[in-house]
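The values are calculated or read from the model by the stated rules, or taken from the named source; none is laboratory data. What you see is a predicted model; the values in this text were computed from it and never measured. Note that each Cβ is placed from the backbone with ideal geometry, even for glycine, and that neighbours are counted across all protein chains shown. In case anyone asks, the SASA skips ligands and DNA or RNA and just uses the protein heavy atoms, side chains included. Shrake-Rupley method; radii C 1.70, N 1.55, O 1.52, S 1.80 Å.
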Protein chains: 2
Amino acid sequence: MVSVSAYGQYCPLAMASDILCNRWTLLVIRELLDGSTSFNEIGRGLPLISRSLLSRRLRELDSSGIVTHQPGARGSSGAYHLTAAGQALESVVRAMAIWGQEWIDEEPSLEDVDVRFLMWDIRRNVKPIAELPPRFTVRFDFEDAPDGLREHWLVFEGTEVDLCYVDPGHEIDVHLETDLRTMTRVWMGWDDLDAALREERILLTGARKPIGLVRQWLGLSKLAEISKRPPKDRVLRPRDAVGNV
Amino acid sequence: MVSVSAYGQYCPLAMASDILCNRWTLLVIRELLDGSTSFNEIGRGLPLISRSLLSRRLRELDSSGIVTHQPGARGSSGAYHLTAAGQALESVVRAMAIWGQEWIDEEPSLEDVDVRFLMWDIRRNVKPIAELPPRFTVRFDFEDAPDGLREHWLVFEGTEVDLCYVDPGHEIDVHLETDLRTMTRVWMGWDDLDAALREERILLTGARKPIGLVRQWLGLSKLAEISKRPPKDRVLRPRDAVGNV
DNA sequence: CAGTATCCGATGCGATACTG
DNA sequence: CAGTATCGCATCGGATACTG
């Protein structure tokens, strides 16, 4: 490629898409916008990225001037942060996420939900409200998750919320049983929490008061308020359009 | 790849970037948003895309439900149009273009401007204002364009504006002489037209009245009103960051 | 003009193995 | 924990040649 850019244009859209439209790049930026700063934190929100590629993407973003990196001193974690230009990408990320939420058919994505990513995502937007006990523990039980990943604990302590894959040993205040599909649909605003509870697709047991407050502490994805367009107008991802014959 | 999407996520941003973040895809959509409907029209705004790839991208967008295509009956041109979901991508394209205009260092892109693309782009936003004569012809002369591409004609007739690469034979009303870099910078809002005229980096000769109205009929890129951030905050494209040592 | 099929080199990226 | 170097396959995409 002899040209000055992959697209050979001075057009700002072409230059931007040269930088941004690579596999994983926008998702890495989303993680940074959501406040992750360490290598492993970022990777945790990107379940399928290989570590070498994450490393490369972060380096590219650094050399572009979208991310800065203080290397961690001796074993401790370095920190990645967005520059001003990186922060400004929030408008791009938001526009694309909103478009996806409005227009993309979600059905295929529900077939194989990664439970670790789902829980990590839920943790992002959980609300440690004052009405909860000083330490409040919820156990999630996904009946259809792979062995060893059925149970997850969310531990609210003050303003901190910890996510565990192994029993932290605390007394359980609330126990939530459901399947991955239902939890994902409710979380994303594609299904109604009240309906799911009524129809017992989600079972909540334990202390009565926090159960009554579930809508507050559970929160929902930031995109849940954007509603989907009617099915006939929706977009399919290529793989879906081709496969499944 | 076994997963339901390249990113294995129900996240709308991941699904959207799976569809949109491929080489050329957003630029094809930009062309459609700008009103191009035929294969060659679209290709004209994408100087470096290969025809087979353009064909494939259009087919992908069609099967996703972002574009519709009526095949042309017998030798006549078919037509591509955006669906409702495709139209809605305007917010994404705009956000990314604005970000690029604000934050990306434009310097490298000026080194090798494709004059055909520049003229095609200028034609997009030219204004056939009423004060011009019924037929108004401007000849552009780029001193540094490759042989055979130095001269371009813009012919305003009523509300139509035609772009020619060969002499249409009409009498020239206005003659504009400059270099590619200056024209691009002015067009994109990176340089001031008045300054360029004053410093004679752009020479305008011919009929006095239209010359006085140049700011109106020439127009500027839609992005010209967005101003760049200070150089120290700007972003470089990877290739630029690496090369040029 | 409006595309499409095929070929094949370039690159992208995941796996693996490694360091501090 | 926080990364990086290398290798090799798989996919991408440009060139070319072709059809209606």
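Taking 20 °C and 1.002 mPa s as conditions, the protein assembly as shown diffuses translationally at an estimated 84 µm²/s according to Stokes-Einstein applied to its Kirkwood radius (Cα pairs).
Shape of segment A:12-88 from the C-alpha gyration tensor: prolate (a/c of 1.5 or more and a/b above b/c, with a ≥ b ≥ c the square roots of its eigenvalues). Loop-located chymotrypsin sites (Phe, Trp or Tyr not before Pro) across segment A:149-227 with a Cβ neighbour count of 14 or fewer within 10 Å are A:165, with loop assigned by DSSP. When all protein chains stay in place and ligands, DNA and RNA are ignored, the 1.4 Å accessible-area order of A:170, B:152, largest first, is A:170, B:152. In the elastic network of chain B, a GNM with C-alpha springs shorter than 10 Å, the most mobile of B:158, B:43, B:100 is B:158. The value for chain B of Rg(Cα) / (2.2 N^0.38 Å) is 1.14.
In terms of accessible area, using a 1.4 Å probe and ignoring ligands and nucleic acids, B:7, B:80 rank largest first as B:80, B:7.
Among rounded, prolate and oblate, which fits segment A:130-193 when a ≥ b ≥ c are the square roots of the eigenvalues of its C-alpha gyration tensor, a/c under 1.5 means rounded, and a/b larger than b/c means prolate?
oblate
Peptide B:108-118 has a mean of 4 when you count, residue by residue, the C-beta atoms of other protein chains within 10 Å of its C-beta.
Quick one: order B:62, B:114 from most to least accessible surface, probe 1.4 Å.
On the way: B:62 60, B:114 35 Å².
Per-residue accessible area, sorted high to low, gives B:62, B:114.
For chain A, the cysteines with no partner cysteine C-beta closer than 4.7 Å are A:11, A:164. For residue B:127, the lysines whose Cα falls under 23 Å of its own Cα, not counting residues fewer than eight places away in the same chain, are B:209, B:222.
Solvent-accessible surface (1.4 Å probe) assigned to residue B:37 amounts to roughly 40 Å². For segment A:112-218, taking Cα atoms only, Rg and Dmax work out to 12.8, 35 Å respectively.
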